[in-house]
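One structure below.
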């Protein structure tokens, strides 16, 4: 940065023998020319990972399942809708999510934090402009001149306007504004993360309710079958065709299966309460709709973002990048503190000993001052602040890299989980079919007296485990599908409720 130091010729005010006051502003224009640069690093976002896939093996185009409508096509590079839960085709779920987004205290808090951060940007930006104040004074004073006794006491009146401007010679103020802008971006992405967490948890809780209801129904049917078995055994016992131990065994089986119900009901009720809180209600004020597992449609087409796009979609990665930007700007602020500062001040006013002459031309005064300041010795504090800012940047860079790796891991985990879930559902379906057939045969055999009670109860226990396992496997597949979409960012960049603005990252 260069600037001329040659002063223009001095011109005279007609009828006066001194230079115009505004000639004293020459250093201001000189300093403004020098302030065109800002010390410290210019931030550049880290390069996106070069990975083309999330796992060592290629992502399958389709996850196959032997169950009806159980295949899932992985649509690589397809965008994600902001209302991604519509993939499940459950109208009641959409209603719940609408209430949750509108009533969540967490989103209200995140929006307020974002608004506060944006005001902090305006506060920092104020330092780029002159500061102008208007003041007035009235008082009584006594001044004592050297060697003069009995100095008079009198009143004084004054009004004045003062202006001050700290010249941003080395860009410290601009770096401070840049830092606050980056912190505002952190708050914006934290709002997106809150929206993503809210929608993801709401879907998961709805699925938990549906799964618990299905398991409760299965357990109730198993308990009903136990009662029928117990009634049959008692009839045989009374007819002398069964021993007392058979009755005790049937009663034990009934009690054992009844134990399944309380934990399942607690799981369902806790999920209902959690969903009420997510929607901004207390559990006593609002009850979510009755979700049934069979109402949820397994998404047949699952969008999958490219790895290079993930860093521009996940709000936690974007927030980590914004923190890195803020710490980069902080280095510039700390560096600028090592260099000279220059403050220009001016005042213009009226002062008089009498109120009636306050605004006479003879009562006018003005002043212009230029105050340079060069840091000389601060006990090493200023250089330590710069080193601390550099260390903070290195820590933020490592945290950013860790956040990216964690994001890739979550996507990889859920992708693998979808494949394994399909296999598990198929295996559980086969197991359930075999257990159902075996139980039916054992019942016929026991009624015909060709097998004992223990064989019937073993078959019934195997069927109960297979049925509940099948319900859990189906639920897990639905939940992992939601988990994958959330891990990819959930389309928050298309939702104004999540802080999306035109041109937001994440568009593919």
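All of the numbers you see were taken from the coordinates with simple rules; none came from a lab. Everything quoted here is computed from the prediction, not taken from an experiment. No Cβ is skipped: glycine too gets one built from the backbone with ideal geometry, and neighbour counts run over all protein chains shown.
Stretched out straight at 0.36 nm per residue, the stretch from residue 48 to residue 131 would grow longer than its current Cα-Cα span by 25.6 nm.
If you take the Cα centroid of the range 359-392 and the Cα centroid of the range 265-340, the two points sit 43 Å apart. Relative to the current alpha-carbon distance between residue 441 and residue 138, full extension at 0.36 nm per residue lengthens the span by 98.4 nm. Can you give the helix-only mean residue ellipticity at 222 nm for the chain, where every DSSP H stretch with n ≥ 4 adds -39500 (n - 2.57) and the sum goes over all residues, rounded to the nearest 500 deg cm²/dmol? Helix contribution divided over all residues of the chain: -19000 deg cm²/dmol. I want the antiparallel fraction of DSSP beta bridges within the chain, as a percent rounded to 5. So the antiparallel bridges amount to about 90 percent of the total.
In this structure, residue 227 and residue 71 have a Cβ-Cβ separation that, at R0 = 41 Å, corresponds to a calculated FRET efficiency of about 0.55.
Using the Cα gyration tensor of the range 255-353, with a ≥ b ≥ c the square roots of its eigenvalues, what is the shape: rounded (a/c below 1.5), prolate (a/b larger than b/c) or oblate (neither)? Walk me through the numbers before you get to the answer.
Numbers: a/c = 3.86, a/b = 2.24, b/c = 1.73.
Prolate shape, in that a/c is at least 1.5 and a/b is the bigger ratio.
According to the square roots a ≥ b ≥ c of the eigenvalues of the Cα gyration tensor, what is the shape class of the range 268-319, taking rounded for a/c under 1.5, prolate for a/b larger than b/c otherwise, and oblate for the remainder? Note, shape of the range 268-319 comes out oblate.
Here residue 61 and residue 123 are evaluated by their C-beta separation; at R0 = 51 Å the FRET efficiency comes out at 0.45. With a Förster radius of 41 Å applied to the C-beta separation of residue 297 and residue 399, the computed FRET efficiency comes to 0.55. Using alpha-carbon pairs under 8 Å, 6+ residues apart, how would you state the relative contact order of the chain in percent? It comes to 25 percent, rounded to a whole number. The protection proxy used here, the mean number of other Cβ atoms lying within 10 Å of each residue, ranks peptides 372-380, 224-232, 80-88, 326-334 as follows, highest first: 326-334, 80-88, 224-232, 372-380. Under the rule a/c < 1.5 gives rounded, and otherwise a/b versus b/c splits prolate from oblate, where does the range 33-122 land using the Cα gyration tensor? Oblate is the answer for the range 33-122, as a/c is 1.5 or above yet b/c matches or exceeds a/b. Shape summary of the chain, radius of gyration then Dmax from alpha carbon positions: 37.9, 138 Å.
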